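The values are calculated or read from the model by the stated rules, or taken from the named source; none is laboratory data. Because the structure is predicted, anything quoted here is derived from the model rather than measured. Cβ atoms come from the backbone with ideal geometry, glycine included; neighbour counts cover every protein chain shown.
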Amino acid sequence: MSQLSAKSNLRVIRGGAPDPHAVRARDNAADDAALVRSVTAGHAQAAAAFHDRIRPVVDRTINRLLGSRDPDFDDLIQGALIELVTSLGSFRGDCPLDAWVSIVSARVVYRHLRRRKLERRLFVLEGGDGFEVFERATMPQVGLRNLVRRIQSHLSGIDSKKSWTYVLHDVHGYELSEIAEITGSSVAAAQSRLVRGRRELHEKIAADPELSQWLVEFQKPAEAGSD
């Protein structure tokens, strides 16, 4: 092969500018890692900074799962903060700090609800924090609340582990690996519970004529808008 033919196969790759979002994410991760190291080393100022860093994530997580009007809301926040500090040594930086804080906070809520044996409180009807997907509904608010209560009632008839897995995954968007950590199960068990819980809920909704008909009507605007 001649030098000319060999050179003709070479291409110039232009280097692009660094992605500012990726750079910011790396910087934030580095800051979080340094903060965690300072807290575990026992620095008092770092502990205060750590509280300010994670408190908004704890508030959002518990508010999503229970709603701010839950009578145990403030106690659960304090419990989650204590859990996060005492288990900080287990944080290895394998995931963003926000994700880890959310998982630990959700696990505190999960254990608390199991102790109370009130799984139906997974959805908060008064605070408006549950079923955000219904926000585009045009029906009266009273009718909407009644429908949500009916879905909640169907969920309460499902095994609590399956209903929790369904809610955490399909309503709140946790990954199966995160749900496994929250509920103290394997990923395979979480996946099985999700599949079975989702199937059982769909069967209960299908057997509820008024609810199933409303859901059909509810989906029409979304389907029409996707054309």
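A few comments on the model shown:
- Candidates in segment 70-113 are the residues that are surrounded by fewer than 19 Cβ atoms within 10 Å (Cβ to Cβ) and of a type in the set (Gly, Ala, Ser); of these, the one that is nearest to the chain's Cα centre (by Cα) is 99.
- Identity of the residue in segment 25-46, of a type in the set (Gly, Ala, Ser) and either surrounded by fewer than 15 Cβ atoms within 10 Å (Cβ to Cβ) or under 13 Å from residue 97 (Cα atoms) (or both), that ends up modelled with the highest pLDDT: 34
Residues are listed down the side, and each one gets a yes or a no for (1) assigned to a helix (DSSP H, G or I); (2) charged (D, E, K, R); (3) modelled with pLDDT of 90 or more:
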| site | (1), (2), (3) |
| --- | --- |
| 161 | yes, yes, no |
| 164 | yes, no, no |
| 167 | yes, no, no |
| 188 | yes, no, yes |
| 196 | yes, yes, yes |
| 201 | yes, no, no |
| 211 | yes, no, no |
| 214 | yes, no, no |
| 218 | yes, no, no |
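- Count of segment 182-193 residues which are within 19 Å of residue 114 (Cα to Cα) and surrounded by fewer than 20 Cβ atoms within 10 Å (Cβ to Cβ): 4
- Condition check for residue 183: closer than 22 Å to residue 84 by Cβ, not assigned by TED's automatic domain parsing to the domain that holds residue 84 and not aliphatic (A, V, I, L, M): yes
- Residue match in segment 11-24 (condition: modelled with pLDDT of 55 or more and more than 27 Å from residue 110 (Cα to Cα)): yes
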